[in-house]
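Undergrad: Here you go, one structure.
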Amino acid sequence: MGSLTVHFVGAGPGAADLLTVRAARLLAAADVVLYPGSYLDPQVLEQCSGTAELVDTADLDLDAIVGRFVDAHRAGLAVVRLVSGDPSLYSAVSEQTRRLDAAGVPWDLTPGVPAYAAAAAVLGHELTVPLVAQSVVLTRVQASSTKMPESESLAAFAATGATLVLHLAITRTRELMVQLESAYGPDCPVAVVYRASQPDELVLRGTVADIADAVEKAGLRSAAVILVGRAIADLPDPCAGESHLYDPDRDRSGPG
């Protein structure tokens, strides 16, 4: 029993066929699977054993979730905790693992496809385009949620001109676009991707000036990411630069 590990597994953006091979293997072997029901395509759970106990964590607080981990571990059961996207972003993994450490329960992490990457794939865009944007800022905004560090203001990030990906922000789209307009301009491209890769996926395209109208018309309230920046425009050649890595004039005479 002591060797059993609680596996935190990135479920990706929700589509069953975007699980990693390792994630599918862990799900198939699990006795207990805790999952975020509001974010997953139900087909993801078809990877689980028919005898596995499936626990939707939507109505559970942190201590209740960790209590299920500890009880299962002590009973000698294999546990998977599915998290939406990738465990490295907005997953509360650090809070859960800290409690597991205190309880003496081992754990590990399995990465998944993050929501922003799935959204970019749906849009058919690279988020880092030469001479346009070479950085991506992944952030969120504060509403009825955990306080943001004072140094991480939206204005400070916007001033960089980087491609901006806003999580957990869809209900505040209009006020956020007002904040971003001075840095990005009213004509800057914006895309909203709802449930990327899932059957009810929805993509809205617009600009800083008008995307809020589209979001409100669609009635989006959750499970969407907002992407802002010139990199997501349909740039005609040679409007953007090209990568030095593949430049025919680059010196390739070095070792290897």
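Each value in this text was obtained by applying a stated rule to the coordinates, not by laboratory testing. Because the structure is predicted, anything quoted here is derived from the model rather than measured. Note that each Cβ is placed from the backbone with ideal geometry, even for glycine, and that neighbours are counted across all protein chains shown.
Undergrad: Amide H to amide H under 5 Å from residue 135: which residues, 5+ apart in sequence or cross-chain, H placed 1.01 Å off N in plane?
TA: 163
Undergrad: With a 10 Å radius around each residue's Cβ, average the other Cβ atoms per peptide and rank 65-77, 5-17, highest first.
TA: Final packing ranking: 5-17, 65-77.
Undergrad: Could I ask something else about it? Rank by packing, highest mean first: peptides 159-172, 220-233, with packing defined as the count of other Cβ atoms within 10 Å averaged across residues.
TA: 220-233, 159-172
Undergrad: Follow-up. Express the C-alpha Rg of the chain as a ratio against the empirical globular expectation 2.2 N^0.38 Å, rounded to two decimals.
TA: 1.15
Undergrad: Now a separate question. Under a Cβ-only charge scheme (Lys and Arg +1, Asp and Glu -1), can you give me the dipole magnitude of the chain about the Cα centre, in debye to the nearest 20?
TA: Value, rounded to 20: 420 debye.
Undergrad: Using the basic label-point model (7 angstrom from Cα toward the beta carbon), what is the residue 153 to residue 182 distance in nanometres?
TA: It works out to 0.9 nm between the two label points.
Undergrad: Among 9, 60, 106, whose Cα projects farthest towards the positive end of the dipole of the range 6-110, with charges put on the beta-carbon of Lys, Arg (+1) and Asp, Glu (-1)?
TA: 106
Undergrad: Would you calculate a helix-derived [θ] at 222 nm for the chain, using -39,500 (n - 2.57) for each DSSP H run of n ≥ 4 and dividing by the full residue count, to the nearest 500?
TA: Value at 222 nm, helices only: -7500 deg cm²/dmol.
Undergrad: Ranked from highest to lowest mean number of other Cβ atoms within 10 Å per residue, what is the order of the peptides 175-181, 148-154, 94-100?
TA: Per-residue mean Cβ counts within 10 Å order the peptides as 175-181, 94-100, 148-154.
Undergrad: Further question on the same structure: To the nearest 20 debye, what is the magnitude of the charge dipole of the range 6-110 about its Cα centre, counting +1 on the Cβ of each Lys and Arg and -1 on the Cβ of each Asp and Glu?
TA: 300
Undergrad: Let me ask something else about it. Cut-off 18 Å, label point 7 angstrom out along Cα-to-Cβ of residue 234: give me the residues of the range 165-203 whose amide nitrogen falls inside.
TA: Those under the cut-off are 187-193, 203.
Undergrad: Would you be so kind as to identify which of 133, 160, 180 lies farthest towards the positive end of the dipole of the range 115-191, taking Lys and Arg as +1 and Asp and Glu as -1 on Cβ and the Cα centre as origin?
TA: The listed residue farthest towards the positive side: 180.
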